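The values are calculated or read from the model by the stated rules, or taken from the named source; none is laboratory data. No experiment lies behind these values; they were computed from the predicted model shown. Heads up, the Cβs are rebuilt from the backbone with ideal geometry, glycines too, and the neighbour counts pull from every protein chain shown.
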Protein chains: 2
Amino acid sequence: MSRIITFLGHGCTTGTVAIAAAKWFAQQGKRVLLATQTLDPSVEMLLGTPLNTYPQVIADNLQVVQLQTTVLLEQVWDELKQLVASYLPTTFAEDLYPGELLILPGFDSVLAFNALRQYYMSGDYDVIIYDGEGNKETLRLLGIPNALDWYFSRSGKIFDSLDLSKIAASFGGPLASAILTANIDSQKLQQGRAQVRQWIDQGIAVVSDRNCLTAYLVTTDAPEAIAATRWLWGSAQQIKLNVSGIIAYNCQLNDQLQQTFTPLVVASIPALSNQNWDAIIQALPDFNSPVSVPQSLTIDLAQQQILVFLPGFNRKQVKLTQYGSEIVIDAGDQRRRISLPPELQGQPIKAGKFEEPYLIISL
Amino acid sequence: MSRIITFLGHGCTTGTVAIAAAKWFAQQGKRVLLATQTLDPSVEMLLGTPLNTYPQVIADNLQVVQLQTTVLLEQVWDELKQLVASYLPTTFAEDLYPGELLILPGFDSVLAFNALRQYYMSGDYDVIIYDGEGNKETLRLLGIPNALDWYFSRSGKIFDSLDLSKIAASFGGPLASAILTANIDSQKLQQGRAQVRQWIDQGIAVVSDRNCLTAYLVTTDAPEAIAATRWLWGSAQQIKLNVSGIIAYNCQLNDQLQQTFTPLVVASIPALSNQNWDAIIQALPDFNSPVSVPQSLTIDLAQQQILVFLPGFNRKQVKLTQYGSEIVIDAGDQRRRISLPPELQGQPIKAGKFEEPYLIISL
């Protein structure tokens, strides 16, 4: 089974750590793919080789690919044309070339997510190291299955009654078609919906299973970096992403750092100097060892309490709302939906108390 | 007239420079808004004050606002409801709450762009300092008007012939409605299209006018940072964003740095230490002085040549395609469309030669 590992951190160190981690696994004989969204020359310079938009062997067991949006868009284009062929006129394909499409915000993450999904499903790699932005945008990307899940469920109920042609006409076409790539699978809508449903379920399963996907935090010892990294830790909980450890870049281990991220284990690595990767690789944590971290969510039926682990926020930054049998938590600019178990449904929230790092909801 | 200034750079220094620039303008008596997309505590720690999702005075002439996507989504919700009220059933508004919507990739930039647009049009500020990601995503955000321009023009031609209801039904509803916020203005489609057309034209005018919007590069002296920053300079050309200077963070001025970014003027600033902002502010460039930089595009009708300024790329990274009377340039994972002037229309590209920093197209 493939594993995906990614790195979250404030600043410019996650790329270096991702490269080191890829080398770490390759040295252990794992088939590794380093998938980077960094298109500027910095990663090429760190690796000492030009990169391509297809996986390229750069060392034993180690392949690297640049996830470039313009190229990914062309790659999904043929797929898309087939999928929509039955209800788009033939002029569609003739009128529009993938090489013409301009890139809007969101394309990067949606297409990179799709590419990661395909590499993951291919079975060609034991480990995929995803070198993304390492910040909120990486959480948006990994949050796609959860977000789509909700839109998909709601869309059936609400949009049956709408005059869809007017809506679609208003916002114009190719934009819609680009979004279709992420959502349409079949010319037959029912089959298509079932397929999309399956993709979403697979995605949710992968994101929330530590053995399939996990993130490590990366920080320096600057107070702002530590606070920002802890905030990312909390934000990751909001999309059910498991965080397995923390890597301190170019700083001395100290009690404060250790306490800030308890119970995560802190590994301290040196800065990269003179391309001495071995010094970093030897200091990396053992990515294969099991980890013990707080559960993101604990439901205590007897006490009628829900305990949500949310490190890095203050009281003002956590918002709690109830919609019927669902609770919505806003924090870290992420929105998380929690479905109440049957035993607690129909009960209003009596109290929500935030005692960092826990939000305690009493029903 | 308002000005928007933003910073592009590899690494974690653009936020610090943005804060210093905001203080610089405030000290000159300008009404300044610092609009930051950094939601983790790092900017609050640098400013020494908690921030809000509405503009908040933190010093004389200086307001700060955090652009938080979940909040911006709720703010546009009422606007959206009014706009679509005429062709959505009333149950729509009852069935769906803005506080329920999950965030997909792209929402951050689209909603932040819309917020910046509103602050810009309000006339409340002389200078808006936009503290975004400072990387490719910032260029995606500022590239929205150009991208929409093309989608908008094309959508008329292509989608008239499509069965739109099937398409819209396929990808589900609230996703569409979220996108609508960026595109619909009026219940009457013709009026709506005219209004959107106007927004797009205004946006294009603002982005390409140095007096309305400009970017400064920020780099350290690490070779990877310098190369990445130069790459961002080239990528900015692709969305017609004017770059007016470069700020070297915590490094000695040297000839190599100066040459790499010629003819931009390099200003060297110290690292922030003990909250000594004055040391940085005094070293900042004069943001009010006129700058002289190469034109992004020069068309030589006599020679039948087009000269495109594209620093930071190598030959392999620049792709040239012709579609009828348009030339498309792919570089920096940005796609740029150039309409040939009437005198050159109907002529095929004879040669495209890349001699960094210039792409020379001969017709």
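Return yes or no: is B:LEU232 touching an Asp or Glu at 6+ places or on another chain (Cβ under 9 Å) and either part of a helix (DSSP H, G or I) or of a type in the set (A, V, I, L, M) (or both)? Lay out the reasoning, then the answer.
Working: touching an Asp or Glu at 6+ places or on another chain (Cβ under 9 Å): yes; either part of a helix (DSSP H, G or I) or of a type in the set (A, V, I, L, M) (or both): yes.
Here the answer is yes, as B:LEU232 does meet what is asked.
Here is a yes/no grid of residues against (1) under 22 Å from the mean Cα position of the chain (by Cα); (2) more than 13 Å from every other protein chain (Cβ to nearest Cβ):
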{"residue": "A:GLN322", "(1), (2)": "no, no"}
{"residue": "A:GLY332", "(1), (2)": "yes, no"}
{"residue": "A:GLN345", "(1), (2)": "no, yes"}
{"residue": "A:LYS350", "(1), (2)": "no, yes"}
{"residue": "A:PHE354", "(1), (2)": "no, yes"}
{"residue": "A:ILE361", "(1), (2)": "no, yes"}
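This table checks each residue for (1) farther than 24 Å from A:LEU101 by Cβ; (2) over 26 Å from the mean Cα position of the chain (by Cα); (3) modelled with pLDDT of 95 or more; (4) at the interface with chain B (Cβ under 9 Å from one of its Cβ atoms).
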{"residue": "A:TYR54", "(1), (2), (3), (4)": "no, no, yes, no"}
{"residue": "A:VAL71", "(1), (2), (3), (4)": "no, no, no, yes"}
{"residue": "A:GLN75", "(1), (2), (3), (4)": "no, no, no, no"}
{"residue": "A:LEU80", "(1), (2), (3), (4)": "no, no, no, no"}
{"residue": "A:TYR87", "(1), (2), (3), (4)": "no, yes, no, yes"}
Any chance the range B:312-329 includes a residue that's within 25 Å of B:ASP149 (Cβ to Cβ), part of a loop (DSSP other than H, G, I, E, B) and acidic (Asp, Glu)? no
Across the range A:330-354, what is the total count of residues that are exposed (fewer than 14 other Cβ atoms within 10 Å of the Cβ), in a strand (DSSP E or B) and either in contact (Cβ under 8 Å) with a residue 24 or more places away in the chain or of a type in the set (S, T, N, Q) (or both)? 1
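Does any residue of the range A:283-292 turn out to be within 14 Å of chain B (Cβ to nearest Cβ) and either under 21 Å from A:ILE5 (Cβ atoms) or outside any loop (DSSP other than H, G, I, E, B) (or both)? I'd like the intermediate steps shown before the answer.
Residues of the range A:283-292 within 14 Å of chain B (Cβ to nearest Cβ): none.
No, the range A:283-292 contains no residue that is within 14 Å of chain B (Cβ to nearest Cβ) and either under 21 Å from A:ILE5 (Cβ atoms) or outside any loop (DSSP other than H, G, I, E, B) (or both).
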The listed residue being buried (at least 20 other Cβ atoms within 10 Å of the Cβ), within 27 Å of A:GLU355 (Cβ to Cβ) and out of contact with any Gly (no Cβ under 6 Å at 6 or more places or on another chain), out of A:ALA248, A:ALA227: A:ALA248
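Test B:THR298 against the stated conditions and say whether it is farther than 25 Å from B:VAL17 by Cα, of a type outside the set (A, V, I, L, M, F, W, C), without any contact (Cβ under 8 Å) to a residue 60 or more places away in the chain and within 11 Å of chain A (Cβ to nearest Cβ). Spell out how you get there, then give the answer.
On the way: farther than 25 Å from B:VAL17 by Cα: yes; of a type outside the set (A, V, I, L, M, F, W, C): yes; without any contact (Cβ under 8 Å) to a residue 60 or more places away in the chain: yes; within 11 Å of chain A (Cβ to nearest Cβ): no.
It is false that B:THR298 is farther than 25 Å from B:VAL17 by Cα, of a type outside the set (A, V, I, L, M, F, W, C), without any contact (Cβ under 8 Å) to a residue 60 or more places away in the chain and within 11 Å of chain A (Cβ to nearest Cβ).
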Test each condition in (1) at pLDDT 90 or above; (2) away from every other protein chain (no Cβ under 14 Å); (3) assigned to a loop (DSSP other than H, G, I, E, B); (4) more than 21 Å from the chain's Cα centre (by Cα) for B:CYS251 and report the one that comes out false. (1)
Return the residues of the range B:99-130 that are within 14 Å of chain A (Cβ to nearest Cβ), outside any helix (DSSP H, G or I) and among the β-branched types (Val, Ile, Thr); say none if nothing qualifies. B:ILE103
May I ask you to verify whether A:THR298 is in contact with a helix residue (DSSP H, G or I) (Cβ under 6 Å, 6 or more places away or on another chain) and part of a strand (DSSP E or B)? no
Give all pairs with beta carbons closer than 8 Å in which a residue from the range B:137-150 that is basic (Lys, Arg) meets a residue that is not in a helix (DSSP H, G or I); count only pairs at least 6 apart in sequence or on separate chains. B:ARG140/A:ILE103; B:ARG140/A:LEU104; B:ARG140/A:PRO105
Output yes when any residue across the range A:304-322 is among the hydroxyl-bearing types (Ser, Thr, Tyr) and in contact (Cβ under 8 Å) with a residue 12 or more places away in the chain, and no when none is. no
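For (1) at negative phi; (2) in a loop (DSSP other than H, G, I, E, B); (3) within 14 Å of another protein chain (Cβ to nearest Cβ), each residue gets a yes or a no:
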residue	(1), (2), (3)
A:ALA26	yes, no, no
A:LYS30	yes, yes, no
A:ALA35	yes, no, no
A:LEU39	yes, yes, yes
A:GLU44	yes, no, yes
A:LEU51	yes, yes, yes
A:ILE58	yes, no, no
A:GLN63	yes, no, no
Residue tally, condition within 27 Å of the chain's Cα centre (by Cα), assigned to a helix (DSSP H, G or I) and not hydrophobic (A, V, I, L, M, F, W, C), over the range A:266-281: 0
Is it the case that the range B:198-216 has a residue that's more than 30 Å from B:SER153 (Cβ to Cβ) and either more than 21 Å from the chain's Cα centre (by Cα) or crowded, with 21+ Cβ neighbours inside 10 Å (or both)? yes
When (1) buried (at least 17 other Cβ atoms within 10 Å of the Cβ); (2) over 23 Å from B:VAL243 (Cα atoms) are applied to B:ALA302, the one that fails is (1)
The listed residue being buried (at least 19 other Cβ atoms within 10 Å of the Cβ), over 22 Å from the mean Cα position of the chain (by Cα) and either modelled with pLDDT under 90 or of a type in the set (D, E, K, R) (or both), out of B:SER186, B:SER161, B:SER165, B:SER155: B:SER155
